[in-house]
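Rule-based calculations on the coordinates, nothing more; no lab input. Every value quoted in this text rests on a predicted model; they were computed, and no experiment measured them.
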Amino acid sequence: AEDPRTDNPEEPLMALHHLKPTEVENLTQFEEGKPRHKALVKTDQFEAICLSLVAGEDIPEHHVPGFATVHCLHGAVEMIFADRTVTMTSGDWLYLDQKQRHAVRAVEDATVLLTIMLAKEAPRSVS
């Protein structure tokens, strides 16, 4: 079935319609047993993405360009860092430093809200 949230069914999933200010989006309506991600908002200052992961699903080690927060809305995930692994369950919130490398593993079906704060370039001085 075609995804009704995109104007172009050929666009990649993360290029879907972004929310406009005051627009409401339900972050709990995903089809059970299927991975699903929602790109919620992207501005020059921040990005918000809702990730729905199936138990056993892994997101390989990576980093994001800015500071980030991860809020586990449902289920359980492991946040895997070089020096330790942290298990997050429903309601848990985690802060990541800029470019902090990590991987994610869904311990059970889970939904997480990722928010990335994007640094703007410093203004250039005019001489």
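Results, tabulated for the structure shown:
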read-out: Relative contact order of segment 46-127, pairs being alpha-carbon contacts under 8 Å that are 6 or more residues apart, as %; value: 46
read-out: Length released on extending from Thr69 to Thr85, taking residue separation times 0.36 nm less the Cα-Cα span; value: 4.1 nm
read-out: Gained length - Asp92 relative to Asn26, 0.36 nm times residue gap less alpha-carbon distance; value: 21.9 nm
